[in-house]
1. Could you give the dipole magnitude of the range 225-321 about its Cα centre, charging the beta-carbon of Lys and Arg +1 and that of Asp and Glu -1, in debye to the nearest 20?
2. Treating the angle as unsigned and between 0 and 90°, give the value, to the nearest 10°, between the Cα long axis of helix 87-100 and the longest Cα principal axis of the chain.
3. Set Lys and Arg Cβ to +1 and Asp and Glu Cβ to -1, take the dipole of the chain about its Cα centre, and tell me which of Gly291, Ala244, Gln117 lies farthest positive.
4. First compute the accessible area of the range 30-133 with a 1.4 Å probe, then give the percent of it belonging to carbon and sulfur atoms.
5. Placing unit charges on C-beta atoms (Lys and Arg positive, Asp and Glu negative, everything else neutral), compute the dipole magnitude of the chain about its Cα centre in debye, rounded to 20.
6. Give, rounded to the nearest 20 debye, the magnitude of the charge dipole that the range 3-67 has about its Cα centre when Lys and Arg contribute +1 at Cβ and Asp and Glu contribute -1 at Cβ.
7. When DSSP beta bridges are limited to those with both residues in the chain, what percentage is antiparallel, rounded to the nearest 5?
8. Which of rounded, prolate, oblate describes the range 133-242, given a ≥ b ≥ c as roots of the alpha-carbon gyration tensor eigenvalues and a/c under 1.5 marking rounded, otherwise prolate only if a/b is larger than b/c?
Amino acid sequence: MTDIESLKAALAPIAAGRATARVEGGKASIVLDVTGLEEAVRKELEADVRRAAEAAPGVSEVRVLLTSERRTRRLIAVGSGKGGVGKSTIAANLAIALARRGRRVGLVDADIYGPSQTRLLAVDGIRPEARGKVLIPVQTKFGVPLLSMGGLVPEGQAIAWRGSMAGGALGQMVDADWGDAEILILDLPPGTGDLQLTMVQKHKPAGAIIVSTPQDLALIDAARAIDLFNKVNVPIVGVIENMAGYACPHCGEVSDPFGSGGAEAAAQRMGLPFLGRVPLEMAIRTASDAGDPPAAGNGPQAETFAALAARLDDWLVAEGG
């Protein structure tokens with residue numbers, strides 16, 4: 001067996017196809033592809049490859065070059081145009097449900113002035129670390145890494161920033177070290193102002209999901225959010241109707257305090273997909289406040305969010321995988 005064959009045989013079980021090598025005069029040059037690997041895993045793999053190469057017959061010197069392809073992540077914006085419609089709860093549970101389908105998902109709390117995702121994902125008080133100027137997302141017990149202003153400022157402190165500062169903070173979160181995440185869910189602030197424009201123009205989401213309650217006032221603002229995304233050529237994945245119907249826990253009678261079917265009818269009028277309804281349920285509210293998102297469980301609420309995630313997954317597949 002020649003020196004190069006011995007080297008390749010030594011590297012094969014360790015590098016699993018990530019290494020290419022050549023040997024000249026006892027000097028081994030190895031190119032190691034570390035695309036998608038976390039920093040700690042990269043270092044461990046590099047060390048293992050180096051040790052294996054040094055032990056190969058005929059090798060007196062080892063040089064390892066790391067290479068990594070730039071990973072293209074798809075951003076899915078979750079917007080509403082109006083506050084108080086449960087957008088953040090939808091975004092958190094959608095991210096978890098999508099992760100449970102096998103997708104590698106990260107969550108960006110882009111609501112700079114009113115962050116809530118640290119509470120929803122039970123990471124209150126955990127501050128993200130940084131490597132140089134690059135933020136490292138906080139890992140959650142739900143398998144969805146998170147970055148939020150809620151982890152960067154003390155609870156209850158007002159974030160009195162002008163638009164340029166808020167836009168810069170959002171950029172740092174989107175451009176963080178997301179590891180192997182393939183999808184980033186962006187929980188947008190309500191409205192159609194400067195921060196939303198900065199996000200869609202600079203980071204160009206692959207698609208947008210619109211959340212609305214069935215009532216007319218919410219639908220008016222949802223239509224404005226849809227118009228914003230249309231103007232900047234961001235495809236609308238679909239519309240979700242939240243707080244749709246309330247079942248009395250005592251008698252079981254269903255009432256509609258915010259109306260019924262308004263978001264579905266609006267989606268139909270605008271020629272947009274309707275992704276589904278999330279009922280107004282005490283269990284969703286209490287679990288979310290407790291940092292225990294229903295999508296992480298196995299009850300009927302989890303099934304609701306699993307169905308929404310399935311429709312988003314279908315859209316992602318149709319748009320390229």
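The values are calculated or read from the model by the stated rules, or taken from the named source; none is laboratory data. Note that the structure is a prediction, hence the values are computed from the model and not measured. Ideal geometry is used to build each Cβ from the backbone, glycine not excepted, and the neighbour counts take in all protein chains shown. Ligands, DNA and RNA are stripped out before the accessible areas are found, and what is left, the full protein with its side chains, is counted by its heavy atoms. Shrake-Rupley method; radii C 1.70, N 1.55, O 1.52, S 1.80 Å.
1. Values: 5 positive and 12 negative charges, 48 e Å.
The calculation lands at about 240 debye.
2. 40 degrees
3. Of the listed residues, the answer is Gln117.
4. Values: 2310 of 5040 Å².
In the range 30-133, the share of accessible area belonging to carbon and sulfur is 46 percent.
5. Working: 33 positive and 37 negative charges, 131 e Å.
Using only the charged Cβ atoms, the result is roughly 640 debye.
6. Working: 9 positive and 11 negative charges, 16 e Å.
My answer is approximately 80 debye.
7. Values: 12 of 45 bridges.
Bridges in the chain are about 25 percent antiparallel.
8. Numbers: a/c = 1.59, a/b = 1.45, b/c = 1.09.
Prolate shape, in that a/c is at least 1.5 and a/b is the bigger ratio.
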